[in-house]
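See structure below.
Please treat every number below as a calculation from the coordinates, not as lab data. In this text, all values refer to a predicted model and were calculated from it rather than measured experimentally. Glycine also receives a Cβ, built like all others from the backbone with ideal geometry; neighbour counts cover every protein chain displayed.
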Amino acid sequence: LAAEHPGLAAESQCLLGRLGRLRDNTAIALRLLYNALETAEQLDDRRLGLEIHLEIAQAYQAIHNDREADKHFAAVVRTAERHALDDPLYRSALALGCSAERVHRLELASHWLGKALIAAQRQGSGPAQAVVLAELADVHCAERGFAIARHYLDAARQRFGESLTSRAGVPPIRSVSAKTELVSACLALEGKDFEHALAAAALAERSGKLEARPEIVVAALRIQSSALEVLGDHRAAMLTERAAGTQLEELIARKRELQLTDLDMRAALRDREREIQKLTRENELQSTLLSKNEQIERANADLRQANEELQQFAFVASHDLKEPLRQIGSYASLLNRKYAGHFDADGLAYLGFVTEGVSRLNRLFDSLMHYTAVGRVDRDLEDVDLNRLLATVQRELAASVRASGAILTHGALPTVQTGGKLLRHVLYALIENAIRFRRPGVSPVIHVFAEAFEDSYGIAVQDNGIGILQDYREKVFQLFQMLHAKSEYPGTGVGLAIAQKTVQRLGGRIWYEDNADGSAGVTFRFTLPMSVARQLPGTPAVDRGLATVEEAA
């Protein structure tokens, strides 16, 4: 029933817990009651929660664990006072008062018993008032306030008498409680009325046995022994004192036994609490993971949509937008061939601007197509010899190398397991970038080398070019970002963005830093996952260049 009817399940557990308590199976009782309490708190069922707190407190009382019992009785008092519930308030305040009295905290006992008396008066219950008054009389006896104790005792007897006359047709109940007779015996002994003290103590002993209150039985036997000693019956006094000692030993032994049971039970409860905390943490973690998974799914869906839109845009750019651009370029070329003689210097300059703009737009479209194509290039792993791959890139850049006078060298390069086509794009973009951003009048010197880390390879491309200012570090890998005037360093601003996207697709990351030796230029570095264990060649090649300018030629 727990899933469909948690309230009914909690009430059933509460009832089973009560039955376990009445049968002295406290460990099982508390386990059931704590389960029921957890459900009641989740349902915010105040009535059931109060009932369960009372049952738990009484279960702890049964094993003489007053500390835990008082905690639950206090919880009932707080809720009962807030909602003006007199019956649970009376029962809990009375229990707290008796508990404080047992440890001789008499001021605290008077405080709780006063609350219990007010709740009993609001209920109009004579027996309930009489029980509290008898306890108050006992407290004042302990404080040696005998006059006040007699006042409370007389009030208790009066309440018991009223309860008898008001119950017409109901089997008679005892006119006094064990505590009332015990207080009467104490007062008589204090007043040196030993015969009366002896008789009242005997009644208290019998009532204590009927009410299963061994502590009252022990106290009554001791009063009897004191009275018999004064009356001169020394033998009876000795036997009575011995009986009191036997009762006290049995009471202590029973308490010790129950306290050992309580220790075992508390250990089991701690284990259960730890298990609950573990399950709670696991549930919270699972809930967090589910929430994160949902966020990731939404982000992936947004990313897929963005990629689809980008690919659609690239398709439109490569077909629909380039068609009118080709027409503009064609007509500009016709104008230049047929009417160049009719234009003055300004007209020819304007025509040149148009032609240059068409050419730049074509390059931008091609770069954009290249950027979007990275996501569609096959990234299946294969063994790639970086030496051969670098030679291929050198051949593709042969014209730029000859025009710039570039010198390309490399250190010891490994064979890695990665996507060959994608890695070629990265090396092409970084070397082309190093050739283009060279210092005026200085031939580019580009060095490629590799490093092995714990779980990845590091590939670096070092140049002696113009370098990159710190202010531009956030813009270098952004799409269409040009850090210099187009007239100085022509380009589309897409090359490094393509390199970054490609490295990320290969499972690595890319960054740049100033040259380690402090020389002019910059070093771009990127990592590749070490999918299969590889070794860098043992001895680095010294000046093992791909080619000098003459070799490239």
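Provide the gained length on full extension for the span residue 478 to residue 325, in nm with one decimal, where the gain is 0.36 nm per separating residue minus the Cα-Cα distance.
Numbers: separation 153, 0.36 × 153 = 55.08 nm, distance 2.56 nm.
Full extension of this stretch gives 52.5 nm more.
Can you compute the modelled spin-label distance between residue 71 and residue 451, with each label point 7 Å from Cα toward Cβ, in nm?
The two pseudo-label positions are separated by 5.7 nm.
At R0 = 22 Å, how high is the FRET efficiency between residue 24 and residue 215 if r is their beta carbon distance? Nearest 0.05 is fine.
On the way: r = 18 Å, r/R0 = 0.84.
After rounding to 0.05, the efficiency reads 0.75.
Of 30, 9, 40, which is farthest towards the positive pole of the stretch 1-130's charge dipole, taken about the Cα centre with +1 and -1 on the beta-carbons of Lys, Arg and Asp, Glu respectively?
Sorting the options by dipole projection puts first 30.
Which residues' amide hydrogens lie under 5 Å from the amide hydrogen of residue 457, considering only partners 5 or more residues apart or on another chain, with H built in the peptide plane?
528, 530
Could you rank the peptides 66-76, 437-447 by their average count of other C-beta atoms within 10 Å per residue, with the highest value first? Mind dumping the intermediate values first?
Working: 66-76: 19.1, 437-447: 16.2.
Highest-to-lowest ranking by the protection proxy: 66-76, 437-447.
Could you check the spin-label model distance between residue 64 and residue 144? Points 7 Å from the Cα along Cα→Cβ, value in nm.
Label-label distance for residue 64 and residue 144, simple model: 2.9 nm.
Provide the FRET efficiency to the nearest 0.05 for the residue 193-residue 9 pair, computing r from the beta carbons and using R0 = 60 Å. Working shown, then result.
Details: r = 58 Å, r/R0 = 0.97.
The computed FRET efficiency comes out at 0.55.
Once you put a point 7 Å from the Cα of residue 285 and another 7 Å from the Cα of residue 400, both along the Cβ direction, what distance in nm separates them?
Modelled inter-label distance: 5.0 nm.
Ranked highest first by average number of other Cβ atoms within 10 Å, how do 405-411, 297-303, 221-227 line up?
Put in order of decreasing packing, that is 221-227, 405-411, 297-303.
Order of 342-348, 190-196 by packing, highest average Cβ count within 10 Å first?
Working: 342-348: 10.0, 190-196: 13.6.
So the peptides 342-348, 190-196, ranked by packing, come out 190-196, 342-348.
Whole-Hz ³J(HN,Hα) for each residue in the stretch 503-519, computed from phi via Karplus 6.51 cos²θ - 1.76 cosθ + 1.60 with θ = phi - 60°, x for glycine and proline: what do you get?
Computed from phi, the couplings for the stretch 503-519 are 4, 4, 5, 7, x, x, 9, 9, 7, 9, 7, 5, 4, 5, 7, x, 6 Hz.
Can you give the local net charge around residue 229? Use residues other than it whose beta-carbon is closer than 14 angstrom to its beta-carbon, Lys and Arg +1, Asp and Glu -1. Please list the in-between numbers first.
Numbers: positive: 192, 222, 235, 242; negative: 195, 233, 241.
Value of the local net charge: +1.
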